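The structure's right below; bear with me while I get my questions together.
Bear in mind these aren't lab numbers, they're just calculated from the coordinates by the rules spelled out. Owing to the predicted nature of the structure, the values given are computational and were not obtained by experimental measurement. Note: ideal-geometry Cβ built from the backbone for every residue, glycine included; neighbour counts use all protein chains shown.
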Amino acid sequence: MSINYTDRIPNNVGLSDNRRLQRALESWQPNYMKWWHEMGPDGSTDYDVYLRTAISVETDGWANFGYVKMPEYRWGIFLAKPETERVISFGDHRGEPVWQEVPGEYRAPLRRLIVTQGDTEPASVEQQRRLGLTCPSLYDLRNLFQINVEEGRHLWAMVYLLHAYFGRDGREEAEAMLERHSGDADRPRILGAFNEATPNWLSYLMFTFFTDRDGKYQLAALAESGFDPLSRTCRFMLTEEAHHMFVGETGVMRVVQRTGEVMRELGTDEPERLRVAGVIDLPTVQKYINLHYSVSVDLFGQEVSTNAANYFTAGLKGRYLESRLDDDHRLTEDLWPVYAVRDGQIAVEELSALSAVNERLRDDYIKDCQRGLDRWNRALEALGVDFRLELPHRFFNRRIGNAAGVRVSPDGRVVSEEEWQADVSRWLPTDEDMAYVNSLMQRVIEPGRIAGWIAPPVRGIDGKPWDFEYVRFN
Ligand SMILES: [Fe+2]
Ligand SMILES: [Fe+2]
């Protein structure tokens, strides 16, 4: 399972033994590089960045740290080690050996799952491409770039599957990955959240907390797949993804920490005074949470979904930690609570667990998000600040599913359009809030210095101090 770095495309899948596939990927590579130069991190080409590069897929010690120019990052194809005698753990094929090839009858849905996942990876690089110009510190700049190269690698991971297992259709889909662009009017990315702008670092930290976490749950569900190459690909992606969510959780924590410190120092919770002091007032942080959470919650799709039920029954996409769940793993008899709007109120109904697997994954996600908020709130408590951050109701600001088109307040009341319009400026960032946050975004790149709106991290990367020279400009 060792990674071959002598090949043009680093890999642990024996690429050199498969000339046809190797040639196909080598002909996709220049298109990828062209995309990276055009749509990747702005102005970063000549920087030396202290990055981790995967050197094995073992659970500990898989990464190597060192200065790399980003266009020279070794993007490659890494699958987690195969589990011996792995069997499908759910659906109609439960107990059967996993598939090493795509079963003919599942070709279309599997391709669709892979394309949908793959499309999100370059999308986030596009969304984040200008953030480097306003980084709050070198440490943060380095983390941004680390995430960007790894999202690029995740695209490689999905493109490998398309090329290796889906023939001509797969090659066409791989090309299209580089042709759709985030927010493009003609050829947008597939999912809504990946067409939203990430205009400033607060949005980015929220994105890595909330939207990368959606990625974690989608990858975990695909890691259960009966199609073993997909499972192994996703399992290794998850180890990289953990860092992205770490950046989000600690990043928002540092914003909250800094604001809380200044609140204590000045003895005030007045947003105007805090803004004069150059920090992000907590009501504004709350509005950004409301926005990014609601957009990310949409990514789980319809509460009741025939597609999701079919994916499950076919053994293509499971639940979170499927094999650890204590039930029959077929869900033909089981029920699951599902939120719906009935007679102008939010109700919970017991529906078929099989058609509610999206909702179940969303439930797992929501619990995970709440853990992060609890940590941020403990930091506020420790600072003696009364304010508490909250997740809005899952139906707040939704565009997909049972609450699409229904106005729901953050505390879970169905409200009229008038009420919504009257209060939305307290619930979601206003143009003024965004302009204020944007005004704080000034580039800080001297080692040991950091912008005033965010606290320094508790520790650095790879055992280095936080003020280490993580990026060298040439
Ligand atoms: Fe990713
Ligand atoms: Fe990610």
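Please state the charge dipole magnitude for the chain, taken about the Cα centre, from unit charges on C-beta atoms (+1 on K and R, -1 on D and E), reported in debye and rounded to the nearest 20.
In debye, rounded to 20, the chain gives about 1020.
Another question about this same structure. Run the reach check for K81 against lysines, Cα to Cα strictly under 27 Å, same-chain hits fewer than 8 apart removed. What comes back?
Filter leaves K216, K317.
Could I ask something else about it? When the helix-only estimate is applied to the chain (DSSP H runs of n ≥ 4, each -39,500 (n - 2.57), divided by the residue count), what is the mean residue ellipticity at 222 nm, nearest 500 deg cm²/dmol?
Taken over the chain, the calculation gives -15500 deg cm²/dmol.
Have a look at the DSSP beta bridges in the chain and tell me what percent are antiparallel, nearest 5.
So the antiparallel bridges in the chain amount to around 90 percent.
Over the chain, calculate the relative contact order: mean separation of alpha carbon pairs under 8 Å at least 6 apart, over the residue count, as a percent.
Across the chain, relative contact order equals 19 percent.
With +1 assigned to the C-beta of every Lys and Arg and -1 to the C-beta of every Asp and Glu, and no other charges, what is the dipole magnitude of the stretch 64-132 about the Cα centre in debye, to the nearest 20?
That gives a dipole near 360 debye.
Next question. Over all directions, the average projected area of the alpha-carbon convex hull for the stretch 295-370 comes to how many nm²?
5.8
Oh, and also: Principal axes first, then extents: for the Cα atoms of the chain, list largest minus smallest coordinate on each axis, whole Å, largest first.
Sorted largest first, the three principal extents are 66, 63, 42 Å.
How much FRET efficiency would the formula 1/(1 + (r/R0)^6) give for R86 and Q370, where r is the Cβ-Cβ distance and R0 is 30 Å, rounded to 0.05?
My answer for the efficiency is 0.40.
Using only C-alpha positions, report the orientation-averaged shadow area of the convex hull of the stretch 369-458, nm², one decimal.
That works out to 8.5 nm².
GluC sites (Glu not before Pro), restricted to the stretch 33-135: which are DSSP loop and have at most 14 other Cβ atoms within 10 Å?
E58, E83, E85, E101
For the ranges 398-410, 370-382, what's the packing order if you count other beta-carbon atoms within 10 Å of each residue, average per peptide, and put the highest first?
Final packing ranking: 398-410, 370-382.
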